[in-house]
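The structure appears below as structure tokens.
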Amino acid sequence: MLRFVVRRLLQLIPVLFVIVTLTFFMVRFVPGGPFTAEKAVSPEILKNLNAHYGLDQPLWRQYLSYLGHLVQGDFGPSFKFTNRTVNEIIAAKLPVSLELGGLALGVALVVGLPLGILAAARRNTWLDYLCTATGLIGICVPTFVLGPILALVFGIYLRWFNVSGWEYADDRVLPSLTLGFVYAAYLMRLTRGGLLEVLNLDFIRTARAKGASEVRIIFRHALQGGLAPVVSFLGPAIAGILTGSFIIETIFQIPGLGREFVTSATNRDYTLVVGLVVLYATLIVVMNLVVDVVQVWLNPKLRFE
Amino acid sequence: MTAASPPISSAPPVATEAGHSLWSDAWHRLRGNRLAVFGGGVLLLLTVLCVVGPWFSHYTYNEQELSNAFAPPGSAHWLGTDQHGRDLLVRILYGGRISLGVGLCATLVALSIGVVYGAISGYAGNKTDALMMRFVDILYALPFTIFVILLMVFLGRNIVLLFVAIGAVEWLTMARIVRGQVQSLKKMEFIEAARALGYSPRRIIFRHLLPNLLGPVIVYATLTIPSVMLLEAFLGFLGLGVQPPMSSWGTLIKDGADKMEEYWWLLVFPGSLFSLTLLSLNFLGDGLRDALDVRAAKD
């Protein structure tokens with residue numbers, strides 16, 4: 001197992017290398033630069049700016065020097081936020097997104113898993129239909145509809161929470177509910193589907209024949225196998241949820257990292273784009289590794305492969 | 001082929017029993033699924049309304065009537081008007097053309113890339129397969145928002161390029177599904193037979209393998225359309241989708257969300273129509289999955 005993990009971690013290096021290279025050159029080939037948006041910069045200033053950031057160097061030299069810094073964990077200076085490095089921007093904004101994402105993940109797990117189990121255990125009853133319908137609503141009502149509606153009802157009509165902001169503990173409620181609800185819906189569907197598949201298997205029938213209670217059958221026998229699709233979904237989902245959501249952060253005015261994913265690209269902030277891509281990709285690859293490890297733990301059959 | 005095939009035509013016809021092909025069976029099962037029929041019906045109705053509807057209205061999507069801005073739903077404007085006094089119903093129908101059109105076309109783009117890529121990878125096997133799938137893994141690890149935005153900026157804001165950009169990021173899962181199917185199919189005897197007859201890999205992939213993949217591909221395509229439409233709406237939300245005065249459901253929802261405090265109808269109508277469409281697509285996709293008995297596409 002340890003060898004497997006180490007080997008997979010080593011594979012991370014070439015993957016990240018390809019990703020960095022791909023992104024680095026892709027951003028550069030998009031027309032416009034980080035300084036084109038600023039109003040009427042005189043050619044001399046533009047030249048100085050380019051020289052200051054090394055943009056006047058040939059591309060391959062910029063690439064090599066970027067790689068050199070990256071290896072030391074230095075993402076370089078941001079082109080758009082003067083005097084701030086990409087490391088500083090990530091350090092300032094990632095914690096906000098981590099907190100929001102963590103809370104939303106909590107909502108998703110606390111709501112989605114039990115409802116999915118309940119729906120599977122009471123298959124084809126009104127409880128199942130209720131859970132399934134709720135899950136469908138969660139998938140079909142996008143966050144940019146759900147968020148404003150929640151803000152309208154609980155923020156403006158009922159005045160329970162602020163409509164936007166990230167200062168008080170209360171401010172966490174609406175954004176994490178909005179973000180968590182979508183994931184809860186997916187988790188519910190996957191849990192239900194995974195459980196139902198396992199509940200049809202022979203060993204469950206054996207357990208039933210031996211007189212095991214329904215609770216014991218589900219929690220002791222079925223859940224371990226039934227969670228496989230949930231785990232596969234959760235891996236990449238966690239990476240996405242923790243790096244922030246542009247829509248949620250825009251609707252509720254939250255200073256998180258999700259918005260940078262969009263603005264860095266529109267601003268052509270070269271270093272910030274590559275930095276964010278590297279951060280996200282690392283997280284995805286690591287989470288996929290965690291998924292594989294958990295899958296093996298859940299399903300001992302995989303240990304032989 | 002002609003020389004080897006048995007003389008089917010000379011066999012006595014079994015007239016009493018009409019054949020049940022896989023497709024007629026599936027069609028029968030699908031019709032028995034009430035939710036899927038509902039979903040298909042709603043989609044058909046919406047498509048017809050969006051395509052035909054605007055012709056029967058004397059309003060257009062860009063005709064402004066500033067004296068009548070923010071009119072609530074009433075007899076003149078059934079769903080009210082927006083900040084420029086434009087008829088919301090007509091704008092929603094026009095937006096539907098774009099949203100449904102993008103959903104369909106971008107899915108076709110994703111489908112073509114994913115199916116061909118997955119089939120080649122799965123059929124080739126060995127090193128080629130490993131390399132091609134490694135590439136998919138890498139693309140999976142990229143944050144797609146950044147790439148769609150860069151693609152949109154790079155390609156320019158044009159509707160045709162919008163679905164090329166969306167299709168270019170949505171084909172990955174399709175490729176994986178198709179590859180998995182091909183891997184199990186290619187060990188079957190009819191493929192061995194085709195190979196023994198000396199057919200080229202290209203012919204085997206396109207004539208023998210792909211027709212057998214239609215089930216999972218159709219099912220997954222139906223489930224890709226909602227995520228493509230969500231992505232289009234997301235781009236509209238960013239202001240990177242279609243440009244005013246044109247509208248898509250995404251841009252309408254965005255405008256509605258900005259003004260919902262006073263003018264609820266601007267958010268509620270496009271939002272519910274969008275959700276209804278996604279719901280119908282999900283019903284239809286689930287129904288197709290059960291009807292065609294596809295396991296691979298299950299989440």
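Nothing in this text is a laboratory measurement; each read-out follows from the coordinates by a stated rule. Being a predicted model, the structure only gives us computed values, none of them experimental. Cβ: placed from backbone, ideal geometry, glycine included. Neighbour counts: every protein chain shown.
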**Asked** If you bin every alpha carbon distance in segment B:188-252 into 5 Å steps from zero, what whole percent lands in each bin?
**Response** 4, 15, 15, 11, 9, 8, 8, 9, 8, 7, 5, 1
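Sort A:HIS221, A:HIS69, B:HIS58, B:HIS84 so the one with the fewest other Cβ atoms within 10 Å of its own Cβ comes first.
B:HIS58, A:HIS69, B:HIS84, A:HIS221
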**Fill in**
For segment A:24-31, in residue order, the Karplus 3J(HN,Hα) values (coefficients 6.51, -1.76, 1.60; θ = phi - 60°; whole Hz; Gly and Pro = x) are 3, 6, 5, 4, 5, 7, 6, x
**Alpha carbon Rg of segment B:72-217, scaled by the compact-globule rule 2.2 N^0.38 Å** = 1.46
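Mind listing which trypsin sites (Lys or Arg not before Pro) in segment A:59-125 are in a DSSP loop and have 15 or fewer other Cβ atoms within 10 Å?
Those that pass, being in a loop and sparsely packed, are A:ARG84, A:ARG122, A:ARG123.
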**chain A - Rg and Dmax from Cα coordinates, angstrom** = 23.8, 85
**Prompt:** Using 7 Å Cα-to-Cβ label points, what is the B:SER112/B:ASN212 separation (nm, one decimal)?
**Reply:** 2.6 nm
**Hydrodynamic radius by Kirkwood, which averages 1/r over all alpha carbon pairs of segment A:158-305, in angstrom** = 18.3 Å
**Complete:** Quick P(r) readout (segment A:1-158; Cα-Cα; 10 Å bins; whole %) gives 8, 20, 22, 21, 19, 9, 2, 0
**Item:** Where chymotrypsin sites (Phe, Trp or Tyr not before Pro) in DSSP loops with at most 13 other Cβ within 10 Å are excluded, longest remaining stretch of chain A
**Value:** A:1-159
**Fill in**
Footprinting proxy, A:ARG268, A:ARG189, B:ARG195: sorted fewest to most Cβ within 10 Å, the residues are B:ARG195, A:ARG268, A:ARG189
**Request:** Considering the convex hull of the alpha carbon atoms of segment A:250-305, report its projected area averaged over all viewing directions, in nm², one decimal.
**Result:** 5.9 nm²
**Request:** Using label points projected 7 Å from each Cα along Cα→Cβ, tell me how many nm separate A:GLN224 and B:HIS84, to one decimal.
**Result:** 6.3 nm
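D for segment B:140-232, whole µm²/s, Stokes-Einstein with Kirkwood Rh over alpha-carbon pairs at 20 °C and 1.002 mPa s: what number? Provide the component values of the computation, followed by the final result.
On the way: Rh = 15.4 Å.
In µm²/s, the coefficient is 139.
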**Stokes-Einstein D in µm²/s, Kirkwood radius over Cα pairs - the protein assembly as shown at 37 °C with 0.692 mPa s viscosity** = 122 µm²/s
**Item:** Under the Karplus curve 6.51 cos²θ - 1.76 cosθ + 1.60, θ = phi - 60°, whole-Hz ³J(HN,Hα) for segment A:13-20, x wherever Gly or Pro sits
**Value:** 4, x, 4, 5, 4, 4, 5, 4
**Prompt:** Which order do A:SER232, B:SER24 fall in if you start with the one that has the fewest other Cβ atoms within 10 Å?
**Reply:** B:SER24, A:SER232
**Prompt:** Which value does Rg/Rh take for segment A:122-182 over its C-alpha atoms, Rh per Kirkwood?
**Reply:** 1.11
**Request:** Would you kindly compute the Cα radius of gyration of segment A:184-269 and its largest Cα-Cα separation (Dmax), both in Å?
**Result:** 20.2, 65
**Karplus 3J(HN,Hα) series, Hz, for segment A:210-224 with 6.51 cos²θ - 1.76 cosθ + 1.60 (x for Gly, Pro)** = 7, x, 5, 6, 4, 4, 5, 4, 5, 7, 8, 10, 8, 4, 4
**Request:** Can you tell me the alpha carbon radius of gyration of segment A:72-206 divided by the globular rule-of-thumb value 2.2 N^0.38 Å?
**Result:** 1.41
**Request:** Taking only the C-alpha atoms, wrap a convex hull around segment A:39-131 and report its volume per residue in Å³ as a whole number.
**Result:** 203 Å³
